[in-house]
Every structure is written in structure tokens, then in C-alpha cells.
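First the structure, in the form of C-alpha cells, and then the observations on it.
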Amino acid sequence: MKKLPSCSLVTPTYNWPQALELLLMSIMNQSILPNEVIIADDGSTENTKQLITDFQKKFPIPLIHIWHEDVKNRKPRIMNKAIAAAKYDYIIEIDGDIIMNNHFVADHLTFAEKGHYLFGSRVSIQESLLPELFSKKIIHFNFFSKGIKKRGRTIRFPFIMNFIKSITKRSSKLRGCNMSFWRADFIKINGFNEDLVGWGIDDSEMIQRLHNIEIKGKRLKHVGIAYHINHKEQSKNEIELNNEIERQTTEKKLTFIEKGINQYL
């Protein structure tokens, strides 16, 4: 049997305690628990803090709340702070609006590989299901569940991973809501780029720098199953600036950014 790495599961959140509650419930339901969970809180109000405090009393592993003041969208900064605080070698990153299949953590750890990062897909939970989702606190789904899209992604079939090849270029299918990487690799490229502002690009720009130091990617197919709770898209006012930063990272093969995780180590 392969020895699984120790891991910190890190999730960003911002003022959506109903979604965070379901995420935390799905963590408690994992077949293999992470060694710790770190919530990277981009300035949520007291409701979120109280929810986390309540879960800390019953959580089977350390549940750590890293918070900073709400000054627009500063997800790269709070994620850097959270991963700087992480105690373990491997980082599993998910969004705060994800409900995980009960083998989600086990799958990421099983297929973790030196010199690689992993990225998975997501099943979409439709808006029409949300009132029932939150009132009944639903965390279990399958192929036949109502209110979901892309239901083919609900099928867990680990054997198919024997045929998934490593990739040397960043995939357009990359989603920060479901990925994992070695903390040491993340520190080597100085983590997330805090010059990125507003929504978008932070995960893909970081992954591009991993490729620039010759870290390869591997896509999780029919493992690492995640369910994404539908929500309104955030403002993309700054997306052109962020796209330009990512373009420079790609074209110039940049590996290290000025404002990153080294501020908190």
C-alpha cells in the first residue's frame, strides 16, 4: 500500500455560512480525513465566525480560522496567509461553496505524486435546488440526484486513473475549486500573486508558474468528485488586468512573484 501524504485542506470563504456549513459537514463525512482544515476568510462577518466556532467544538481534526479585514476581494492574500500557517506537506484546495464526495480527500492523497499537482472537475448544483439543499442540509449526491448538472461526473471509477497521463501545459479545464499541490512547490514560486485584484485568474496564474518550474499536472477523472453550489458570478471588472498578468507569466516564463507567501513565512 502506498503511504499517503499528510495534508492540510484549505478553503477560502466570504460571507456564505450556509454553503460553508455543508462543506464542513462533507469534510466530517470523509473516508480519510485531512490532518487539518484551514478556512481562509476574506473578511466575513460574525455569522461565519460563529459557525466556525460551533464546528470547532465537534470537529474531529484541527479547524483553523484565518481572517483578515474585508477590503474588497483579497483572496490571493488570505490564501497565502492560510497556506503559510499550514503544518503539512500536501495542500488540498477547494472553494467554500463545494460539497465533497466522501472519498474526495482519499482520492487526492492516493493520486498525489512528487513533481505534480492535481486538478479535478465539479458537478453543478442548480439554483432551483438551493432552498431544499440548505433546509435539509443535503451532502450526499449520486448520478440520479435531482437538481444537478453534468451528472456523468458523479460516477467514481478510480481504475481510469491508470490511463491518465501527465501534462506539461496548463489545462483550460483547471478549476481552483478542486485541486491539490505540494506546499514546498507552492512556496518555491512564492504562492499566489497578490498583485491580482478582484475575481479570477489567481489559481491559473499560480499553476502557470508551477509549470514554469517544470511541475506537471494530472487531471482527476471519475475521482475527486466535488459538487459546486450555484451562485451569481462575481464582478469581472478587473479581469483584463489579471489576464495581462497571467499572459506575462506565461510568455516570460516567470517563476517567482514579488508579493506572495514569503511575507507570512
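Restricting to segment 22-69, count the residues that are surrounded by fewer than 19 Cβ atoms within 10 Å (Cβ to Cβ) and either among the small types (Gly, Ala, Ser) or modelled with pLDDT under 95 (or both).
Of the residues in segment 22-69, 2 are surrounded by fewer than 19 Cβ atoms within 10 Å (Cβ to Cβ) and either among the small types (Gly, Ala, Ser) or modelled with pLDDT under 95 (or both).
Could you run through segment 235-263 and say how many residues are part of a loop (DSSP other than H, G, I, E, B) and either at pLDDT below 95 or of a type in the set (Asp, Glu) (or both)?
Summing the residues that are part of a loop (DSSP other than H, G, I, E, B) and either at pLDDT below 95 or of a type in the set (Asp, Glu) (or both) in segment 235-263 gives 5.
When you scan segment 76-116, how many residues do you find that are hydroxyl-bearing (Ser, Thr, Tyr) and closer than 21 Å to residue 202 by Cα?
Initial filter on segment 76-116 (hydroxyl-bearing (Ser, Thr, Tyr)): 88, 90, 110.
Now drop any that are not closer than 21 Å to residue 202 by Cα, which leaves 90.
Total meeting the criteria: 1.
Can you find a residue in segment 181-196 that is hydrophobic (A, V, I, L, M, F, W, C), at pLDDT below 95 and within 15 Å of residue 80 (Cα to Cα)?
yes
Of (1) under 27 Å from residue 81 (Cα atoms); (2) touching a residue at least 60 places away in the same chain (Cβ under 8 Å), residue 158 satisfies all except one. Which?
(1)
Just to be sure, is residue 122 touching a strand residue (DSSP E or B) at 6+ places or on another chain (Cβ under 9 Å), of a type in the set (Lys, Arg) and buried (at least 17 other Cβ atoms within 10 Å of the Cβ)? Show your work before the answer.
Working: touching a strand residue (DSSP E or B) at 6+ places or on another chain (Cβ under 9 Å): yes; of a type in the set (Lys, Arg): yes; buried (at least 17 other Cβ atoms within 10 Å of the Cβ): yes.
Yes: the conditions hold for residue 122.
Where in segment 2-85 are the helices (runs of 4 or more DSSP H), entirely inside, with at least 2 residues that are of a type in the set (A, V, I, L, M, F, W, C) and over 17 Å from residue 99 (Cβ atoms)?
75-85
Which pairs have Cβ atoms under 8 Å, sit 6 or more apart or on different chains, and link a residue in segment 237-265 that is without any contact (Cβ under 8 Å) to a residue 24 or more places away in the chain to one that is not in a helix (DSSP H, G or I)?
248/254
Based on this model, can you work out whether residue 174 counts as under 28 Å from residue 244 (Cβ atoms) and at pLDDT below 95?
yes
For segment 71-118, which residues satisfy the criterion of being in contact with a Ser or Thr (Cβ under 9 Å, 6 or more places away or on another chain), crowded, with 19+ Cβ neighbours inside 10 Å and over 20 Å from residue 175 (Cβ atoms)?
86
Quickly run through segment 154-189 and pick out the residues that are under 21 Å from residue 106 (Cβ atoms), among the charged types (D, E, K, R) and part of a helix (DSSP H, G or I).
Answer for segment 154-189, where residues must be under 21 Å from residue 106 (Cβ atoms), among the charged types (D, E, K, R) and part of a helix (DSSP H, G or I): just 183.
The values are calculated or read from the model by the stated rules, or taken from the named source; none is laboratory data. Owing to the predicted nature of the structure, the values given are computational and were not obtained by experimental measurement. In this analysis, Cβ positions are derived from the backbone assuming ideal geometry, glycine residues included, and neighbour counts consider all displayed protein chains.
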